[in-house]
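What follows is a single structure, written as structure tokens, with notes after it.
The values are calculated or read from the model by the stated rules, or taken from the named source; none is laboratory data. Everything numeric in this text was worked out from a predicted model, so none of it was measured. Reconstructed Cβ throughout: ideal geometry from the backbone, glycine too, with neighbour counts over all protein chains shown.
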Amino acid sequence: MTRDQDRAARAVAQWRREMPGLPLEGMEILGRIAEISLRVARDMTEPLIAAHGLQRPELDALLTLRRAGPPYRLTPTQLYDAMMMSSGGMTSLIDRLERGGWVARTPNPEDRRGTLVTLTEAGRALSEALVPQIAAQQTRAVAALNPAERKMLAELLRKLLAAL
């Protein structure tokens with residue numbers, strides 16, 4: 001990518017022209033992170049999940065349940081905590097996944113009032129089919145960096161995230 005194709009660089013250059021002296025390092029870094037996220041979602045992940053009639057939050061829920069390990073179930077609270085989403089949105093998300101046959105609500109044996117969201121065989125099969133494809137796409141997305149650079153970037157982003 002050339003500098004003139006980089007939206008963050010263009011925005012920073014415009015702000016430097018309009019408001020000289022403004023500290024813009026954060027804008028440039030966070031703008032690039034946002035652009036990368038947008039491009040990966042738009043160009044790579046979204047077409048893959050749309051082919052299966054899913055939306056991004058639905059895929060995230062399926063993958064969260066799958067990576068939880070057997071028996072592939074979580075409480076709705078555990079699920080939305082792991083996905084960083086609101087509890088209100090979780091109910092409709094679980095409803096959509098249940099209608100699609102990807103998950104089932106089951107009674108929580110540890111809390112008679114509660115339910116568990118359990119990955120169905122269909123949900124498990126779909127998530128297991130998609131994970132290798134998504135991992136391959138993500139690997140291609142960072143292929144411009146060598147292994148040491150990828151490790152360094154991952155650590156720097158971890159440090160930045162921890163500070164927030």
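Summary table below
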read-out	value
Residue that is nearest to R39 (Cα to Cα), among those in region 83-128 that are at pLDDT 95 or above and surrounded by fewer than 12 Cβ atoms within 10 Å (Cβ to Cβ)	R99
Selection within region 153-164 - of a type outside the set (D, E, K, R) and assigned to a helix (DSSP H, G or I)	L153, A154, L156, L157, L160, L161, A162, A163
Matching entry among Q78, Q14 (being without any contact (Cβ under 8 Å) to a residue 40 or more places away in the chain, surrounded by fewer than 12 Cβ atoms within 10 Å (Cβ to Cβ) and of a type in the set (S, T, N, Q))	Q14
Subset of region 113-152 (residues that are within 21 Å of P76 (Cα to Cα), in a helix (DSSP H, G or I) and touching a residue at least 24 places away in the same chain (Cβ under 8 Å))	G123, R124, L126, S127
Selected residue (only one of L65, L30 is in the same structural domain as L79 (by TED's automatic domain parsing), surrounded by 10 or more Cβ atoms within 10 Å (Cβ to Cβ), under 30 Å from L79 (Cα atoms) and modelled with pLDDT of 90 or more)	L65
Selected residue (only one of R7, R66 is more than 30 Å from V103 (Cα to Cα), basic (K, R) and in contact with a helix residue (DSSP H, G or I) (Cβ under 7 Å, 6 or more places away or on another chain))	R7
Flag if L93 is within 18 Å of the chain's Cα centre (by Cα), free of Cβ contacts under 8 Å to residues at least 12 places away in the same chain and on the phi < 0 side of the Ramachandran plot	no
